[in-house]
1. Cβ contacts < 8 Å: first residue farther than 15 Å from Phe215 by Cα and among the hydroxyl-bearing types (Ser, Thr, Tyr), restricted to segment 169-184; second residue assigned to a strand (DSSP E or B) and open to solvent by less than 60 Å² (accessible area, probe 1.4 Å), any location; separation 6+ or different chain. Result?
2. Right, Gly212: in contact with a helix residue (DSSP H, G or I) (Cβ under 9 Å, 6 or more places away or on another chain), more than 30 Å from Tyr96 (Cβ to Cβ) and not hydroxyl-bearing (Ser, Thr, Tyr) or not?
3. If a residue must be touching a Lys or Arg at 6+ places or on another chain (Cβ under 9 Å) and assigned to a loop (DSSP other than H, G, I, E, B), how many such residues does segment 51-74 contain?
4. When segment 66-79 is examined, which residues are found to be without any contact (Cβ under 8 Å) to a residue 60 or more places away in the chain and buried (at least 17 other Cβ atoms within 10 Å of the Cβ)?
5. Condition first: over 22 Å from Ile57 (Cα atoms) and acidic (Asp, Glu). Can you find one or more residues in segment 144-158 that meet it?
6. For segment 24-65, which residues satisfy the criterion of being of a type in the set (Phe, Trp, Tyr), closer than 16 Å to Met159 by Cα and open to solvent by 40 Å² or more (accessible area, probe 1.4 Å)?
7. Just checking, does segment 197-204 include any residue being part of a helix (DSSP H, G or I), surrounded by fewer than 17 Cβ atoms within 10 Å (Cβ to Cβ) and either out of contact with any His (no Cβ under 8 Å at 6 or more places or on another chain) or of a type in the set (Ser, Thr, Tyr) (or both)?
8. Checking Met208 against (1) touching a His at 6+ places or on another chain (Cβ under 6 Å); (2) part of a helix (DSSP H, G or I), which test does it fail?
Amino acid sequence: MLKWISIFSLFICLNSFSKNLGHRAGGGKGEFHSDLPENSLLALKASLLGRNGNKPIQFDEEFHYLEFDIQETADGEVVIFHDKHLTRMLPESRNYFQYKKILSDKKVLNRMGKKKAKLSDLRIKYLTLYQLKKLSLNFTLFSESSKVPTLEEFLNSAMRWNLKKPIAIDIKYINTKKGRYKVLETIKKFKIDYMKQIDPIFTKKYDMSRSGISFISFPWNFKSSFGKKWCSVFKKYGHNRIYRAQKHSINLCK
């Protein structure tokens, strides 16, 4: 029995040790900055500049790449957010009156195809960026940094705070042609403005594009957000592979 407990404990330790510290910008439950909201500017700043006198974790060997998730709003803006549902990261307790207003908005209801809706029905794709920015992330500080950032805000902050590690953009929910091109054009600009001017620090466990910029996704997310017909467009923008999330040896564009 003790033997199996020891083996199980070793497995947990090794699994934990191999985790990418840059997952969801290093923030969120189970991540390095567990008290900071995942995918937020607060977590990004702490990971890239350090916090409370500690060194930035981006220079740690276990920070393989800065990973973050993208979704599209109702008005074609691209934001950094993981979940399909809103309330884990944008809790009702912090946003009661804002949610009440959103759920009574006829334009939101029309986008949902409903006359009445519950909070659990809401998705990023039904809200405009303005509406989304009225909601606060699950953190104690009330500031602009506790809002859901746009892709531009996130990347501009990464440049300002001296990102040195590669990035991996996890495609979640992109719904329109406008949104798809916005993702590609924004990443293209970031590559020209920043990534071409630095030497990204690659770790031994980093197994993606040596350009320092990669797209990852689960097959079902990539299929619904882009689909293989967009693979030729990705290639024109310099991305020959879309790496499968958690299994980077698989190219979703094959």
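1. Thr176/Glu72
2. So Gly212 fits the description; yes.
3. Of the residues in that region, 8 qualify.
4. First, the residues of segment 66-79 that are without any contact (Cβ under 8 Å) to a residue 60 or more places away in the chain: 73-75.
Matches in segment 66-79: Thr73, Ala74.
5. Looking through segment 144-158, at least one residue is over 22 Å from Ile57 (Cα atoms) and acidic (Asp, Glu).
6. As a first pass, look at segment 24-65 and keep what is of a type in the set (Phe, Trp, Tyr): 32, 59, 63, 65.
Within this subset, residues satisfying the condition of being closer than 16 Å to Met159 by Cα are 59, 65.
Phe59 - this is the single residue of segment 24-65 that is of a type in the set (Phe, Trp, Tyr), closer than 16 Å to Met159 by Cα and open to solvent by 40 Å² or more (accessible area, probe 1.4 Å).
7. The initial filter retains those residues of segment 197-204 that are part of a helix (DSSP H, G or I), namely 197.
Keeping just the survivors that are surrounded by fewer than 17 Cβ atoms within 10 Å (Cβ to Cβ) gives 197.
The next check asks that each one be either out of contact with any His (no Cβ under 8 Å at 6 or more places or on another chain) or of a type in the set (Ser, Thr, Tyr) (or both); those that pass are 197.
So far as segment 197-204 goes, yes, one or more of its residues are part of a helix (DSSP H, G or I), surrounded by fewer than 17 Cβ atoms within 10 Å (Cβ to Cβ) and either out of contact with any His (no Cβ under 8 Å at 6 or more places or on another chain) or of a type in the set (Ser, Thr, Tyr) (or both).
8. (2)
The values are calculated or read from the model by the stated rules, or taken from the named source; none is laboratory data. Bear in mind that the values here come from a model prediction, so they are computed numbers and not experimental data. Here Cβ is always computed from backbone atoms with ideal geometry, including for glycine, and neighbour counts include all displayed protein chains. All accessible areas refer to the heavy atoms of the entire protein, side chains included, with ligands and DNA or RNA removed. Shrake-Rupley method; radii C 1.70, N 1.55, O 1.52, S 1.80 Å.
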